Amino acid sequence: MMMNGWMYGWMWFWPVLILVSLLLLIYGVVRLAQGRPPGPVGAERGSSARQILDDRFARGEIEEDDYRRRRAELS
């Protein structure tokens, strides 16, 4: 059985396709690994309720009596 010359011209296609697919897979895995936040949600900023309350008091958003009452509720 004779092969036409045009079939041999496409033999490079499959190895290149496999290589590109593997590179995209590795890239996707690396991107997913980098995109995950380390630890529980909110832990990276330390945004606990007490910290938020302290920050609001420091900015003057709440009065001292309100601050003390809310802080006692958190304890």
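Entry remark, segment 47-72: residues being β-branched (Val, Ile, Thr) and in contact with a helix residue (DSSP H, G or I) (Cβ under 9 Å, 6 or more places away or on another chain) number 1 in total. Remark: Trp6 matches the filter, which requires a residue to be assigned to a helix (DSSP H, G or I) and modelled with pLDDT under 65. Residues of segment 38-51 that are at pLDDT below 85 and surrounded by 10 or more Cβ atoms within 10 Å (Cβ to Cβ): Gly42, Ala43, Glu44, Ser47.
Among the residues of segment 47-75, those identified as in contact with a Lys or Arg (Cβ under 6 Å, 6 or more places away or on another chain) and assigned to a helix (DSSP H, G or I) are Leu53, Leu74. For segment 16-37, a residue qualifies if it is at pLDDT below 90 and loosely packed, with under 10 Cβ neighbours inside 10 Å, and the qualifying residues are Arg31, Leu32, Ala33, Gln34, Gly35, Arg36, Pro37.
The values are calculated or read from the model by the stated rules, or taken from the named source; none is laboratory data. Quantities reported herein were computed from a predicted structural model and do not represent experimental measurements. Cβ sites come from the backbone with ideal geometry, for glycine too, and all protein chains shown count toward neighbours.
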